1. Within the range 14-30, identify whether any single residue is more than 11 Å from the chain's Cα centre (by Cα), at pLDDT below 95 and surrounded by 14 or more Cβ atoms within 10 Å (Cβ to Cβ), and answer yes or no.
2. Within the range 55-70, which residues are polar (S, T, N, Q) and farther than 12 Å from Leu2 by Cα?
3. List every residue pair whose Cβ atoms sit under 7 Å apart, with the two residues 6 or more apart in sequence or on different chains, where the first one lies in the range 48-77 and is exposed (fewer than 13 other Cβ atoms within 10 Å of the Cβ) and the second, anywhere, is assigned to a helix (DSSP H, G or I).
4. Do we find that Thr94 is surrounded by fewer than 19 Cβ atoms within 10 Å (Cβ to Cβ), β-branched (Val, Ile, Thr), free of Cβ contacts under 8 Å to residues at least 60 places away in the same chain and more than 15 Å from Gly13 (Cβ to Cβ) in this structure?
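The values are calculated or read from the model by the stated rules, or taken from the named source; none is laboratory data. Just so it is clear, the model here is predicted, and its values are computed rather than measured. For neighbour counting, all protein chains shown are included, and Cβ atoms are generated from backbone atoms with ideal geometry for every residue, glycine included.
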Amino acid sequence: MLSKSAIELGVIGAVGEFLIFNHFMPPVIDVRANQPNNSEIEKSERTALMVGTGFAILLTVFSPGRYETFSIAAGALVGIDFAFKHANAVHPATGSIHRAGEEQSLYSVPDYENDPGEYEGASGY
């Protein structure tokens, strides 16, 4: 049987997780507008994740129905953290995910300086 007070504490914990991430991180839209894999955003996200995990554990210890409270608070923590990790991985121009160290452009541009004769007069003008 589900404990009503445990569920209420879980919902309060979920709101607390949101407020913790709201304190440590900029809005998701601002994270997504930056270049992907920003190290400062990753550090802030990691700090928010550690504080949020500590908060969920502390809340669970003082809850009468530990499983329900932990499930709700930790589920909110995982969901919020995923939203920020995804936003930090998406390139704003392409809307696709790039791994750390991966080339940030879709197509390489030909090197016109090394072989300019091949491209002269190609347009017919």
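1. No - not one qualifying residue is present in the range 14-30.
2. The answer is Thr60, Ser63.
3. The qualifying pairs are Pro64/Ser5; Pro64/Ala6.
4. On the way: surrounded by fewer than 19 Cβ atoms within 10 Å (Cβ to Cβ): yes; β-branched (Val, Ile, Thr): yes; free of Cβ contacts under 8 Å to residues at least 60 places away in the same chain: yes; more than 15 Å from Gly13 (Cβ to Cβ): yes.
For Thr94, the condition - surrounded by fewer than 19 Cβ atoms within 10 Å (Cβ to Cβ), β-branched (Val, Ile, Thr), free of Cβ contacts under 8 Å to residues at least 60 places away in the same chain and more than 15 Å from Gly13 (Cβ to Cβ) - is met.
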